[in-house]
Amino acid sequence: MQNDLTDFMGMENKIIYENTNDPVLNKSGKVSNLLLEPWPFEQRIEKFFDFCRAYDVREEELLKENPQQFSHRLHWDEMPFVDEMKEEKDLEKLLHHTIVWSFSNEHWLTFRALRDHGIDGMRNRFEKERHARSDLFQIYYPKNTIVKDWLCEVPQQIAKDCVSFFKSDRRLTMMELATLLERHTKKHYGFRNVMYPYKNLSRHIAMARPDLVDPESWVTPGTLSFYGLWQLFGGKNLFGKTKFELDESTGAYVPINSFAEELMNQFSYIAEHADNPMKRQYNINIEDKACMWCKHLFIRHGVKSTTKKIPYEWIYPKNFSLKKHVLSDAKTV
């Protein structure tokens, strides 16, 4: 059993999945069966943890050179954007810049233009350069929205309107902040659904300013996270079945049916497992790594293709390495 991150150092370690079920796809082209069903549960959980350890050193074949497909560190607080926002004391600017960061699908050079040259600098950049890594959230915008104009005109006003959310007498939870921002944006700016980018925003603010937003609080998974947890735990795919509601007085995102309770139990099991290489921020890290592992599993089984590569500097500064490569790092994850 490989429990030490250093076991992966310098290795061309290809994670493979042998003696598994062939994928069965439904009418929508989605995997409808458990690929790892022939494996004992502990073998599945150890393979997941092997993936997490390999993810952090980026020596595995699929992980090594694909920052678009596998674009985060094992822990969410180890990111250049977070480092920059830790130094931001102006809460309105913190919120404004993180809205742009999230709605540009985390485009580093768009963020840098705003950070270094203000809204006019960002607008000037957009005359010749892409405004976003992709228009991932295009379906959420009101019809006929020009996203590059929206990024220049609207996030600052949302920040002005909503900075008061941080003036609570307690820390917000991540789902609380995301819900409050979603409600405001749907009401005042014509969006029909905007939880996805606001969950990303909330996790980044929690990483940078844990005094404002609790980084250990609950984050409801996305689609591929649900699929990854299903492949890991077996049973039913909980996607579309879980129900939560926000407790307005405490900020807790409370499970209100048995499927939601089961989902939280799965998170707890992973967090408490002795071999889990994730040591903090369990909810966001488990949610993210279940998604990333699912991508890896599905690519290896030929039911998902790798995402087209984009320039690295769209995602991170050129001097930033995604992989852990120092022994002292390995002892602290």
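Summary of values
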| item | result |
| --- | --- |
| Qualifying residues in region 227-258 (those that are aromatic (Phe, Trp, Tyr) and in contact (Cβ under 8 Å) with a residue 24 or more places away in the chain) - the one surrounded by the fewest Cβ atoms within 10 Å (Cβ to Cβ) | 244 |
| Exclusive hit being in a helix (DSSP H, G or I) and either of a type outside the set (D, E, K, R) or surrounded by 19 or more Cβ atoms within 10 Å (Cβ to Cβ) (or both), set 63, 34 | 63 |
| Condition check for residue 45: touching a residue at least 24 places away in the same chain (Cβ under 8 Å), out of contact with any Phe, Trp or Tyr (no Cβ under 8 Å at 6 or more places or on another chain), surrounded by fewer than 22 Cβ atoms within 10 Å (Cβ to Cβ) and more than 30 Å from residue 140 (Cα to Cα) | yes |
| Only one of 177, 201 that is more than 22 Å from residue 74 (Cα to Cα), touching a helix residue (DSSP H, G or I) at 6+ places or on another chain (Cβ under 8 Å) and assigned by TED's automatic domain parsing to the domain that holds residue 132 | 177 |
| Given (1) aromatic (Phe, Trp, Tyr); (2) outside any loop (DSSP other than H, G, I, E, B); (3) touching a residue at least 40 places away in the same chain (Cβ under 8 Å), number of the condition residue 320 does not satisfy | (2) |
| Tally of residues being at pLDDT 95 or above and either of a type outside the set (D, E, K, R) or not assigned by TED's automatic domain parsing to the domain that holds residue 285 (or both) across region 24-54 | 19 |
| Filter result for residue 71 (small (Gly, Ala, Ser), in a loop (DSSP other than H, G, I, E, B) and either surrounded by 14 or more Cβ atoms within 10 Å (Cβ to Cβ) or at pLDDT 95 or above (or both)) | yes |
| Residue check, residue 58 among the basic types (Lys, Arg), at positive phi and either free of Cβ contacts under 8 Å to residues at least 60 places away in the same chain or buried (at least 19 other Cβ atoms within 10 Å of the Cβ) (or both) | yes |
| Test: residue in region 200-212 that is within 17 Å of residue 265 (Cα to Cα) and crowded, with 17+ Cβ neighbours inside 10 Å | no |
| Complete set of residues in region 204-222 that are touching a Cys at 6+ places or on another chain (Cβ under 8 Å) and either modelled with pLDDT under 95 or outside the structural domain of residue 47 (by TED's automatic domain parsing) (or both) | 222 |
| In region 223-262, the residues that are of a type in the set (A, V, I, L, M, F, W, C) and touching a Cys at 6+ places or on another chain (Cβ under 6 Å) | 224 |
| Single condition residue 192 does not satisfy, out of (1) touching a residue at least 40 places away in the same chain (Cβ under 8 Å); (2) part of a helix (DSSP H, G or I); (3) farther than 28 Å from residue 78 by Cβ | (2) |
| Looking only at region 266-315, and only at residues there that are in contact with a helix residue (DSSP H, G or I) (Cβ under 6 Å, 6 or more places away or on another chain) and of a type in the set (Gly, Ala, Ser), the one that is farthest from residue 215 (Cα to Cα) | 290 |
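Per-residue answers, yes or no, for (1) of a type outside the set (Phe, Trp, Tyr); (2) buried (at least 16 other Cβ atoms within 10 Å of the Cβ); (3) at pLDDT 95 or above; (4) closer than 17 Å to residue 54 by Cβ:
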residue	(1), (2), (3), (4)
287	yes, yes, yes, no
290	yes, yes, yes, yes
297	yes, yes, yes, yes
305	yes, no, no, no
310	yes, no, no, no
317	yes, no, no, no
322	yes, yes, no, yes
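The values are calculated or read from the model by the stated rules, or taken from the named source; none is laboratory data. Quick caveat, the model's predicted, so the values are computed rather than measured. All Cβ positions, even for glycine, are placed from backbone atoms using ideal geometry, and neighbour counts span all protein chains on display.
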